[in-house]
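Trainee: Starting off with a structure, shown below.
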Amino acid sequence: MSAVTVSRTAGRARVGSGGAAGTGKATQGRRQRRAAFWFLLPDSLGLLVFVVVPMVLAVVLGFFRMDGFGSFEFIGLGNYVRMVGDPQFWSSVRITLLYLVGVVPAIFVVGLALALLVQQRIPFVGAIRSALFVPYVISLVVVAMVWEFMLSERTGVVSRLLGAVGMNDLAFLGEPNLALGTVVVITVWFQMGYYMVIFLAGLQDIPGEYYEAARIDGANAWQRFRTITLPLLRPTSFFVVVTATVSVITGGLDLVFVLTGGGPAGSTTLLIFYVYEQAFLFGELGYAAAIGSVLVVVLLAWSALMFAVTRGGRFDND
């Protein structure tokens, strides 16, 4: 066999092996896409049935007057016009904003501080982490009932302890000036363990070499925190702010329902609680759906704005 024939045969073999490798990669890619499709299908169906469809129905129902007993009347933008002129709606919006301003910064600061604490090598750090996270896994209704018992005027544990030091007759849940602040404190206490874990995960992703280099350069603890920790926690901070905002606006119903029932004098009537009142106490299902639709649009707009301003928490060089 001549040298030319051998060279051609070797070339065809290489081409054939390359084609086989390419076919194998394509087949593997199809298998991975098929596996991803089947893994994502259950969650996608769940989101479609339990999230997307109810949201669409809520938007549609917002254009009707409904009493919950089968009576439908198309009124167009009537519910939205009523919303603009409803003083109780705007009062609930104001209370929700106060609640939001009180809870989200406190959750951010307390969660980050606890994460920095439990990141240290201190005795029983595992038990401390578990104790701080336990409240979050307890039912919110149970948490609210326990706090209601502890804060009961005259008979509650907190009231008795304060009475022992001369601070009597403090109705934390019965005074309009104290009720909302009390709900804020309980909300922060309930959620701080979850955000501690989120921040702790972000802190553990920061390479230790950065801190070591900063120590060698003579940076103190505050300088290391300001120049290394905070900048490298931007993605985590973005996630915390967005999820905490959504959680606070949409997740306060159970807590308020058990603790105060929206009182006293409407001082804890959050917007989500006002939606509940309109739908299930007053039978204004169409009006409640319109308020819920506005709430969803506001949350989507807030999330989109945060993504646009912070680029999703990405770094400047990403």
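Trainee: Being under 21 Å from the mean Cα position of the chain (by Cα) and either over 30 Å from I186 (Cβ atoms) or open to solvent by 90 Å² or more (accessible area, probe 1.4 Å) (or both), is that true of even one residue in the range 63-76?
Mentor: No: zero hits.
Trainee: Only one of (1) crowded, with 17+ Cβ neighbours inside 10 Å; (2) touching a Lys or Arg at 6+ places or on another chain (Cβ under 7 Å) fails for I228. Which number is that?
Mentor: (2)
Trainee: Taking only pairs six or more apart or across chains, which ones have beta-carbon atoms under 6 Å, a first residue in the range 222-244 that is touching a residue at least 12 places away in the same chain (Cβ under 8 Å) and more than 15 Å from V109 (Cβ to Cβ), and a second residue that is outside any loop (DSSP other than H, G, I, E, B) and among the polar types (S, T, N, Q)?
Mentor: Qualifying pairs under 6 Å: F238/T310; V242/S303.
Trainee: Output yes when any residue across the range 254-263 is within 30 Å of E73 (Cβ to Cβ) and open to solvent by 50 Å² or more (accessible area, probe 1.4 Å), and no when none is.
Mentor: Keep residues of the range 254-263 that are within 30 Å of E73 (Cβ to Cβ), which gives 257, 262.
Of the ones still in play, those that are also open to solvent by 50 Å² or more (accessible area, probe 1.4 Å) are 257.
Yes, that holds for at least one residue.
Trainee: Could you please let me know if V81 is out of contact with any Phe, Trp or Tyr (no Cβ under 7 Å at 6 or more places or on another chain), open to solvent by 50 Å² or more (accessible area, probe 1.4 Å) and within 23 Å of L299 (Cβ to Cβ)?
Mentor: Working: out of contact with any Phe, Trp or Tyr (no Cβ under 7 Å at 6 or more places or on another chain): yes; open to solvent by 50 Å² or more (accessible area, probe 1.4 Å): yes; within 23 Å of L299 (Cβ to Cβ): yes.
So V81 fits the description; yes.
Trainee: In the range 20-28, is there at least one residue being modelled with pLDDT of 80 or more and of a type outside the set (V, I, T)?
Mentor: From the range 20-28, those modelled with pLDDT of 80 or more are 27-28; that's our starting set.
Narrowing the set further to residues that are of a type outside the set (V, I, T) leaves 28.
Scanning the range 20-28, I find at least one residue that is modelled with pLDDT of 80 or more and of a type outside the set (V, I, T), so the answer is yes.
Trainee: Report, by residue number, each residue of the range 86-121 that is open to solvent by 60 Å² or more (accessible area, probe 1.4 Å) and free of Cβ contacts under 8 Å to residues at least 24 places away in the same chain.
Mentor: If we filter the range 86-121 for residues that are open to solvent by 60 Å² or more (accessible area, probe 1.4 Å), which is where we start, we get 87-88, 90, 94, 97-98, 101, 105, 109, 117, 119-121.
If the condition is that a residue be open to solvent by 60 Å² or more (accessible area, probe 1.4 Å) and free of Cβ contacts under 8 Å to residues at least 24 places away in the same chain, then P87, W90, R94, L97, V101, P105, V109, L117, Q120, R121 are the ones that fit.
Trainee: Can you list residue pairs whose Cβ atoms sit under 9 Å apart, with the first residue in the range 245-261 being in a helix (DSSP H, G or I) and the second being modelled with pLDDT of 85 or more and among the acidic types (D, E)? Count only pairs 6 or more apart in sequence or on different chains.
Mentor: V258/E148; L259/E148
Trainee: Condition test on V118, is it of a type in the set (V, I, T) and within 18 Å of Q204 (Cα to Cα)? Break it down into steps so the answer makes sense when it comes.
Mentor: On the way: of a type in the set (V, I, T): yes; within 18 Å of Q204 (Cα to Cα): yes.
Yes: the conditions hold for V118.
Trainee: Residues in the range 154-161: is at least one under 26 Å from F257 (Cβ atoms) and aliphatic (A, V, I, L, M)?
Mentor: Scanning the range 154-161 turns up at least one residue that is under 26 Å from F257 (Cβ atoms) and aliphatic (A, V, I, L, M).
Trainee: Turning to a different aspect of this structure: Within the range 79-87, is there a residue that is among the aromatic types (F, W, Y), closer than 30 Å to V240 by Cβ and at pLDDT 90 or above?
Mentor: Going through the range 79-87, the residues among the aromatic types (F, W, Y) turn out to be 80.
Next cut, closer than 30 Å to V240 by Cβ only: none.
Within the range 79-87 (the criterion being among the aromatic types (F, W, Y), closer than 30 Å to V240 by Cβ and at pLDDT 90 or above), the answer is no, since none of the residues qualifies.
Trainee: Still on this structure, I have one more. Looking at A221, A290, which one is more than 21 Å from the chain's Cα centre (by Cα) and at pLDDT 90 or above?
Mentor: Numbers: A221 fails: at pLDDT 90 or above.
Exactly one of A221, A290 is more than 21 Å from the chain's Cα centre (by Cα) and at pLDDT 90 or above, namely A290.
Trainee: Considering each residue of the range 264-303, count those that are over 13 Å from M66 (Cβ atoms) and open to solvent by less than 10 Å² (accessible area, probe 1.4 Å), and give that number.
Mentor: Within the range 264-303, residues that are over 13 Å from M66 (Cβ atoms) and open to solvent by less than 10 Å² (accessible area, probe 1.4 Å) number 5.
The values are calculated or read from the model by the stated rules, or taken from the named source; none is laboratory data. None of the values given here were measured: they were computed from a predicted structure. Please note: Cβ atoms are built from the backbone with ideal geometry, for glycine as well, and neighbour counts cover all protein chains shown. Heavy atoms of the whole protein, side chains included, go into the accessibility calculation; ligands, DNA and RNA do not. Shrake-Rupley method; radii C 1.70, N 1.55, O 1.52, S 1.80 Å.
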